[in-house]
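The values are calculated or read from the model by the stated rules, or taken from the named source; none is laboratory data. Being a predicted model, the structure only gives us computed values, none of them experimental. Cβ placement follows ideal geometry from the backbone for every residue including glycine, while neighbour counts extend to all protein chains displayed.
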Amino acid sequence: MQNGEFARSTQRLIQMLRPENVGTAAQTAMTWLKPLPTPSGIIKPIRKFPNYPATLGRLGALEARLALQKQDVKRAQKLRYRVFYKDGTAIADAATLLARRDKDAFDKICDHLLVIDHAAKPSISGKQPVVGTYRLLRQDVAERHGGFYTEDEFDIAGLIDRYARYIEHFGVDASRHAA
């Protein structure tokens with residue numbers, strides 16, 4: 001860890017531990033450590049995506065594409081970890097700290113959209129960095145697997161009833177979290 005990174009991490013920790021922020025940190029921890037629902041037993045992963053090409057589009061150096069392999073999903077989870085835990089205020093449990101990935105049961109049933117920056121320096125493995133990701137949960141998939149993630153937090157029945165096809169999405173953008 002470089003001195004600048006250590007200083008930022010230390011400052012974040014000190015900020016979180018100040019008396020006025022302790023309640024907020026505890027609430028964040030409770031939100032992240034809440035157990036996920038286990039609808040109808042084991043959640044089975046989606047094996048086949050809709051008939052879309054991997055690359056959905058490009059704008060300059062940025063490419064939007066679907067995650068088609070397990071390794072693509074892992075790259076999205078690593079970005080989420082960096083944004084939520086490393087740069088953000090979420091508190092990771094031991095398994096999350098060891099994996100250095102933000103993952104849960106919904107990853108197996110969601111479509112993952114990645115934003116790749118082709119102008120950025122490649123990683124050690126030679127891959128261009130993922131700088132944004134969206135996790136998309138289609139209504140038909142959610143209905144087969146016990147519902148939407150958001151249904152645990154909010155009453156979204158009206159939204160689901162109003163639209164023939166509802167898609168829940170959660171996005172992470174690393175532009176404000178650039179190293």
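Contact annotation: residue pairs with Cβ atoms under 7 Å, 6 or more positions apart or on different chains, pairing a residue in region 61-79 that is farther than 20 Å from LEU97 by Cα with a partner that is part of a helix (DSSP H, G or I) and among the aliphatic types (A, V, I, L, M), are ALA67/VAL73; ALA67/ALA76. Per the listing ASP152, ASP173, the residue uniquely loosely packed, with under 14 Cβ neighbours inside 10 Å, touching a strand residue (DSSP E or B) at 6+ places or on another chain (Cβ under 6 Å) and not small (Gly, Ala, Ser) is ASP173. Being assigned by TED's automatic domain parsing to the domain that holds GLY171, in contact with an Asp or Glu (Cβ under 7 Å, 6 or more places away or on another chain), of a type in the set (Lys, Arg) and closer than 30 Å to ARG144 by Cα holds for only one residue in ARG80, ARG65, ARG75, and it is ARG80. Hey, does region 52-73 have a residue that's part of a loop (DSSP other than H, G, I, E, B), at pLDDT below 90, surrounded by fewer than 19 Cβ atoms within 10 Å (Cβ to Cβ) and aliphatic (A, V, I, L, M)? Scanning region 52-73, I find at least one residue that is part of a loop (DSSP other than H, G, I, E, B), at pLDDT below 90, surrounded by fewer than 19 Cβ atoms within 10 Å (Cβ to Cβ) and aliphatic (A, V, I, L, M), so the answer is yes.
What is the one condition in (1) surrounded by 14 or more Cβ atoms within 10 Å (Cβ to Cβ); (2) at pLDDT below 90 that LYS103 does not satisfy? Condition (2) is where LYS103 drops out.
Taken over region 52-104, the criterion of being basic (Lys, Arg) and within 23 Å of LYS121 (Cα to Cα) is satisfied by ARG58, ARG65, LYS70, LYS74, ARG75, LYS78, ARG80, ARG82, LYS86, ARG100, ARG101. Entry remark, region 75-90: residues being over 9 Å from the mean Cα position of the chain (by Cα) and either of a type in the set (Ser, Thr, Tyr) or at pLDDT below 90 (or both) number 2 in total.
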